[in-house]
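Structure record follows, encoded as structure tokens.
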Amino acid sequence: MIAVVGPTGSGKSDLAVSLALELNGEVINADSMQFYRGMDIGTAKITEAERRGVRHHLLDILDVTEEASVSEFQQQARALIADIHARGKRAILAGGSGLYVRAALDVLEFPGTDPAIRSRLEAELESGGPAPLRARLEAVDPVSAGRLGDARRIIRALEVRELTGRPFSSFMPTREYVQPAVQIGLDVDRELLRERLARRVHAMVDQGLLEEVRRLDAAGLRLGRTAPRALGYAQFLKVLDGEADAAQAAEDTIVATRQFARRQLTWFRADPRIRWLDWRDPGLVASAAALCRPGHPGPVILNHG
């Protein structure tokens, strides 16, 4: 199994395609926002031309009103990996949604859900705010209470505790692959990435991001739990509501995207199994392909100062 990871804007999709061409592979998307049909410009979804004939999986599989599920992704991704390998090809996971990558690669158990429990907890949040729920979580699962910040995740932790009798923290992933894997991380120059992300957002605006958001809004974007929070979409919905102009929405999107990239880097840096390669190295594809062949060398150590 091969995974190409790193922050948004670092070139994961391009490298995955190049590796697929080099190694007779197919690409599995692990960017949770690229699951959504119609969310193309704002997610920088790879185009048909950019795929260069390489087969891609798990793109455009959800309507914007549907909720992305990491447990469902795990089942779908692992079934695809088995199918791709059974056909004598290489499965290449590509994306920056860290938990989704871990779900495909690692030993990771997902507890079930209970809509009745979830609805009751959401009603409590609506009536009493997050403080009582956080206090309850601190009493039954202090580890999760210390890790989780937003109300939605606190509700999930309480739901799991009530449903299974186990603390949500007991379901945290371990760094143990379910099958042999190579993770390739794109090591970026942070200042150059900041500039690239700003240029990319402005290019999205020029390509019609506002019109895309308007079209998806008419298709029920706000009814979804996941899609309306996506970078760019949340900011440009405010333009439709008259709460911001396009220039302000673009600037807000740039700030949010840079913050997201920092969080991604923090997540992936914590995994010592990732082999880091310089995103601007002219020999990037050859170096990455070498890591994916039998007898590959050990981890590539770079100065991340």
From the list Ala3, Ala104, exactly one residue is part of a helix (DSSP H, G or I), buried (at least 21 other Cβ atoms within 10 Å of the Cβ) and either touching a strand residue (DSSP E or B) at 6+ places or on another chain (Cβ under 8 Å) or without any contact (Cβ under 8 Å) to a residue 40 or more places away in the chain (or both). Which is it? Ala104
Among the residues in segment 254-273, are any in a loop (DSSP other than H, G, I, E, B), closer than 29 Å to Met172 by Cα and hydrophobic (A, V, I, L, M, F, W, C)? yes
Pair list, Cβ < 9 Å and 6+ apart or interchain, from segment 111-132 residues that are on the phi > 0 side of the Ramachandran plot to residues that are at pLDDT below 95: Gly129/Ala151
Got a sec? Which of Ile46, Ile61, Ile28 is closer than 23 Å to Phe260 by Cβ, in contact (Cβ under 8 Å) with a residue 24 or more places away in the chain and touching a Leu at 6+ places or on another chain (Cβ under 7 Å)? Ile28
Of the residues Leu137, Leu193, which single one is surrounded by 21 or more Cβ atoms within 10 Å (Cβ to Cβ), more than 20 Å from the chain's Cα centre (by Cα), aliphatic (A, V, I, L, M) and part of a helix (DSSP H, G or I)? Leu137
I'd like to check something: does segment 176-189 contain any residue that is in a loop (DSSP other than H, G, I, E, B), hydroxyl-bearing (Ser, Thr, Tyr) and surrounded by fewer than 21 Cβ atoms within 10 Å (Cβ to Cβ)? no
Selection count where residues are within 25 Å of the chain's Cα centre (by Cα) and part of a helix (DSSP H, G or I), scope segment 110-132: 3
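The values are calculated or read from the model by the stated rules, or taken from the named source; none is laboratory data. Remember, it's a predicted structure, so these values are computed and weren't measured experimentally. Every residue, glycine among them, receives a Cβ derived from its backbone with ideal geometry; neighbour counts consider all protein chains shown.
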